[in-house]
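Enquirer: Take a look at this one; I'll ask things after.
The values are calculated or read from the model by the stated rules, or taken from the named source; none is laboratory data. Please read these numbers as outputs of a predicted model, since none were measured by experiment. Using ideal geometry, Cβ is built from the backbone for each residue, glycine included, and neighbour counts are taken over all protein chains shown. Protein only, heavy atoms only, side chains kept; ligands, DNA and RNA dropped before computing areas. Shrake-Rupley method; radii C 1.70, N 1.55, O 1.52, S 1.80 Å.
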Amino acid sequence: MIINRHKWSIGRLITFLVLIAGAAIVLVPLLWTVSTSLKSPAEVFQDSFIPKVWHWDNYKNAVTAVPFFLFLKNTLIILVPVMIGTVFSSALCAYGFARFNFKGKRSLFLVLLATMMLPGQVTMIPMFIIFKEAGWVDTFLPLIIPSFFGGGAFNIFLIRQFMRGIPKDLDEAAFMDGASRWSIFTRIMLPLSKPPLIAVAIFTFMGVWNDFQGPLIYLNTNTKYTLALGLSMFKGLYNVEWNMLMAATVLIMLPAIIVFFFLQKYFIEGISLSSAMKG
């Protein structure tokens, strides 16, 4: 018994050490970013990790050096409809796969899952040509409209797995009360599927908030830049304002950290419950 407890203690200690090492690997770049954001330009490339003088004015200068709040407005203009479109359309598709029986349902779902193995670079050029022919380049439409057509294979799969675990007796009882399919979806399935819906919303928020490639491809006018794309304005032709760039980066990271901190319970619950549901 003593030997088993000793082995268990050693194993637990090793586990903690590995977790601490992993956390350090993740936190060091973040701490370096915060440290650099508080340094003067002369201190950026010095060996000292902690600034000798904390330059909090770097944050004020970062906000005023570029049209930060205009970029924030552009990001929100894209973010809000994309979140709505992604959550709603993926839930609607998931409801169809979870509750409807039709010919070719299994094959269609396998094709849907197969699209997750398709690299985004494969569809990048065809999508750009389509949006260019539609006259949508240098507008927010190419970044918003696709979210209303399915919401992504992974999101559909996640919500579908959860919905399959909801008892069908609820549907039958609602049918007996005269409810339509749409009423069942909006009044029963959506409220009961809150955990995976919140998880999808968090995924979408993180993706859109940090998206650099999409705005880089479709937005040409500086006044339409998003926050992620606006960071490139701190890079000049001959020099880079690293301290202000890191200050702006910290400001952009804060909302994502806050959102995940307050909603991590629902995020973890949505992932774990969906994976536990029957396939």
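Enquirer: Is it the case that some residue within segment 244-264 is in a loop (DSSP other than H, G, I, E, B), open to solvent by 20 Å² or more (accessible area, probe 1.4 Å) and either at pLDDT below 80 or farther than 18 Å from L141 by Cα (or both)?
Expert: Applying the first criterion (in a loop (DSSP other than H, G, I, E, B)) to segment 244-264 yields none.
Within segment 244-264, none of the residues are in a loop (DSSP other than H, G, I, E, B), open to solvent by 20 Å² or more (accessible area, probe 1.4 Å) and either at pLDDT below 80 or farther than 18 Å from L141 by Cα (or both).
Enquirer: Taking the stated definitions as given, is V87 under 29 Å from M233 (Cα atoms), open to solvent by less than 70 Å² (accessible area, probe 1.4 Å) and in contact with a helix residue (DSSP H, G or I) (Cβ under 9 Å, 6 or more places away or on another chain)?
Expert: Answer is no for this residue.
Enquirer: In the list T36, T15, which residue meets the criterion of being part of a helix (DSSP H, G or I), within 28 Å of the chain's Cα centre (by Cα), more than 30 Å from R187 (Cα to Cα) and of a type in the set (S, T, Y)? Steps first, answer last, please.
Expert: On the way: T15 fails: within 28 Å of the chain's Cα centre (by Cα).
Testing whether each residue is part of a helix (DSSP H, G or I), within 28 Å of the chain's Cα centre (by Cα), more than 30 Å from R187 (Cα to Cα) and of a type in the set (S, T, Y) leaves just T36.
Enquirer: Would you tally the residues in segment 128-145 being assigned to a helix (DSSP H, G or I) and open to solvent by less than 60 Å² (accessible area, probe 1.4 Å)? Spell out how you get there, then give the answer.
Expert: So in segment 128-145, the residues assigned to a helix (DSSP H, G or I) come out as 128-133, 141-145.
Now drop any that are not open to solvent by less than 60 Å² (accessible area, probe 1.4 Å), which leaves 131, 142-145.
The qualifying residues number 5.
Enquirer: Sticking with this one: So which of F175, F148, F162 is closer than 26 Å to A228 by Cα and surrounded by 13 or more Cβ atoms within 10 Å (Cβ to Cβ)? Step through it out loud before you land on a result.
Expert: Details: F175 fails: closer than 26 Å to A228 by Cα; F162 fails: closer than 26 Å to A228 by Cα.
Being closer than 26 Å to A228 by Cα and surrounded by 13 or more Cβ atoms within 10 Å (Cβ to Cβ) holds for just one of F175, F148, F162, which is F148.
Yes or no, residue by residue, for (1) open to solvent by less than 50 Å² (accessible area, probe 1.4 Å); (2) within 30 Å of M163 (Cβ to Cβ):
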| site | (1), (2) |
| --- | --- |
| V18 | no, no |
| L27 | no, no |
| T33 | yes, no |
| V53 | no, no |
| N61 | no, no |
| T64 | no, no |
| V82 | yes, yes |
| Y95 | yes, yes |
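Enquirer: Also, quick follow-up: I'm trying to understand the selection: among the residues of segment 181-234, which are surrounded by fewer than 21 Cβ atoms within 10 Å (Cβ to Cβ), in contact (Cβ under 8 Å) with a residue 24 or more places away in the chain and not in a helix (DSSP H, G or I)?
Expert: N210, D211, N220, T221
Enquirer: Being open to solvent by 50 Å² or more (accessible area, probe 1.4 Å) and at pLDDT 90 or above is the requirement here; does I77 meet it? Please lay out each step first, then the result.
Expert: Details: open to solvent by 50 Å² or more (accessible area, probe 1.4 Å): yes; at pLDDT 90 or above: yes.
Judged against the criteria, I77 is a match.
Enquirer: It is to be established whether one or more residues within segment 103-117 are in a helix (DSSP H, G or I) and within 18 Å of G207 (Cβ to Cβ).
Expert: Our first condition is that a residue be in a helix (DSSP H, G or I); within segment 103-117, this holds for 105-117.
Narrowing further to those that are within 18 Å of G207 (Cβ to Cβ): 115-116.
Yes, segment 103-117 has at least one match.
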